[in-house]
Amino acid sequence: MDTFLLFISAIFVNNIVLAQYLGNCPYLGCSKEKSVSIGMGAAVIFVTIMATIFTYLIQKHVLIPFHLGYLQTIVFILVIASLVQFVEMFLKKMVPPLYKSLGIFLPLITTNCAVLGVAILVQRKEFDFVTALLYAVAAGAGFMLALVILAAIREQFEVTRIPRAMRGTPIGLVMAGIMSLAFMAFKGMIA
Amino acid sequence: MITTSVLTLFGLGFVAASILAIASKALYVEEDPRVEVVLDALPGANCGGCGFAGCEAYAIAVLNDPDVPPNKCCACSPDAVARVASLTGKAAGDAEPKVAFRRCVKIEGKVARKFEYAGIMSCAAAKMILDGPDACKYSCLGFGDCVRACPFDAMWIEDGLVHIAPAKCTSCGTCVRTCPNSILELIPKRARVMVFCSSQDKGKAVKDVCEAGCISCGACIKKCPAECITMIDERIHIDHKACLAFGPSCQEVCVEKCPRNILRCLSPESSTKESVGYSEVSNETNLNA
Ligand code: SF4
Ligand code: SF4
């Protein structure tokens, strides 16, 4: 039951983009086409899980024993950046089609604060290792859900007459705001 | 305290760097260093006009595929084309500069309306409903999908017809691919004559819906001494290359013979005019003829 609630809360109630406002750059940058948004969502889920594993181990076995908790942010950034570099090389060698279709978005994950946010939240909430992993999956899925919904809406904009000044990013931001308000309806459902 | 933190950071950084260094050796992918150089010579517009996904895809193709010419990029200046050609060791060729052209003059033809359209203001959407609100299903719908698609701001809608500014048009072909009625075409900038209608209907059907349209009578085909006019799918096509090669000696008899004034001269002046879509100069010449 707890696991189920954790999932529901991470996806709907405390959605990483819509309720915690993390990862807004890829949220707007990669939500023009559904196919790209699904690829980006999958990549973020993958990186979030990997990042959570590594940062969790480093936090527990390096930072806490040496009383270096205050180095958390910089160490986590270092770990995530190296990880994304590694994933990039790995994909380029092993799965070139996926590497090609993600293109420029792959290195962008390095600067995706949602990944860092999850790694830090896991420590704040003092999850155990398994719960931390589940939370990473759920948060990534929440990110993907928001991304795909926004991409689906923005695909409709292609055949909609929108005032010139509002086309592109402005209307995207307005939509993001409205979606965020809509997700507010879930607030209070789970503590 | 400070030593521990410095050492920890240093240690972690060192471990990460070593892993990445090893990985970059183990997962090394051979990449052509020339791609980068060719990419630098290209304008980086990523417009897709060359028919490839983007500038990088074209750079790779032009380097590796002997059949891909170095002058496919229409946003390139002649200098850039020459650079790409020298980098790839291919002949630059004399790329004929092209320009987009609209094959419809429905404002002159009082095209009948099938119904009043009040849906989404987009040609693609309007086309989905009974082939659009115009009685001619090949006409310019005038909702400007092409205008919105044009990356170079070279088109605009006036009186429900699209117009093209040749000076700004780089002939990337984005509009040609966008138009749901396929009435846009890339023609050589120097082209002498052009058909101002794209209907594929038979003569009678065209007469019923549009006073201006081409009735496929074939008079122009018979008269052309260079035999560069053909009818494909009931649509008149002009082989501009052959037409230009034949030269001025024919004095554009096809234009004179067209009973509907749908074949018009694109006089040299017309390319300096604002819009190629419709040129009054040639119209007058023709009316006087
Ligand atoms: S040329 Fe084609 S896309 Fe452009 S306005 Fe006319 S019908 Fe629409
Ligand atoms: S008949 Fe030709 S000129 Fe008339 S509306 Fe149709 S395409 Fe345009």
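Things to note:
- Flag for A:ALA42 being in a helix (DSSP H, G or I), within 14 Å of chain B (Cβ to nearest Cβ) and small (Gly, Ala, Ser): no
- Residue check, B:LYS127 touching a residue at least 24 places away in the same chain (Cβ under 8 Å) and within 13 Å of chain A (Cβ to nearest Cβ): yes
- Only one of B:VAL206, B:VAL111, B:VAL162, B:VAL99 that is in a strand (DSSP E or B), among the β-branched types (Val, Ile, Thr), within 15 Å of ligand 2 (Cβ to nearest atom) and crowded, with 19+ Cβ neighbours inside 10 Å: B:VAL162
A quick yes/no check of all residues on (1) assigned to a helix (DSSP H, G or I); (2) at pLDDT below 95; (3) surrounded by 15 or more Cβ atoms within 10 Å (Cβ to Cβ):
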{"site": "A:VAL130", "(1), (2), (3)": "yes, yes, no"}
{"site": "A:LEU133", "(1), (2), (3)": "yes, yes, yes"}
{"site": "A:LEU147", "(1), (2), (3)": "yes, yes, yes"}
{"site": "A:ILE153", "(1), (2), (3)": "yes, yes, yes"}
{"site": "A:ALA165", "(1), (2), (3)": "yes, yes, no"}
{"site": "A:ILE171", "(1), (2), (3)": "yes, yes, yes"}
{"site": "A:MET175", "(1), (2), (3)": "yes, yes, yes"}
{"site": "A:PHE183", "(1), (2), (3)": "yes, yes, yes"}
{"site": "A:PHE186", "(1), (2), (3)": "no, yes, yes"}
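- Close Cβ contacts (under 6 Å, 6 or more residues apart or on different chains) running from residues in the range B:159-181 that are farther than 17 Å from B:CYS50 by Cβ to residues that are basic (Lys, Arg) and not in a loop (DSSP other than H, G, I, E, B) comprise B:VAL162/B:ARG102; B:PRO180/B:LYS127.
- Answer from B:ALA191, B:ALA165, B:ALA149 - the residue that is within 11 Å of ligand 1 (Cβ to nearest atom) and of a type in the set (Gly, Ala, Ser): B:ALA149
- Restricting the range B:125-143 to residues that are hydrophobic (A, V, I, L, M, F, W, C) and crowded, with 16+ Cβ neighbours inside 10 Å, the residue that is nearest to ligand 2 (Cβ to nearest atom): B:CYS136
- Within the option set A:ILE38, A:ILE74, A:ILE80, A:ILE64, being β-branched (Val, Ile, Thr) and in contact (Cβ under 8 Å) with a residue 40 or more places away in the chain holds for one residue only, A:ILE38.
- Extreme residue, surrounded by the fewest Cβ atoms within 10 Å (Cβ to Cβ), among residues of the range B:165-181 that are within 16 Å of ligand 2 (Cβ to nearest atom) and over 11 Å from the mean Cα position of the chain (by Cα): B:PRO180
The values are calculated or read from the model by the stated rules, or taken from the named source; none is laboratory data. In this text, all values refer to a predicted model and were calculated from it rather than measured experimentally. Every residue, glycine as well, gets a Cβ built from its backbone with ideal geometry; the counts of neighbours run over all protein chains shown.
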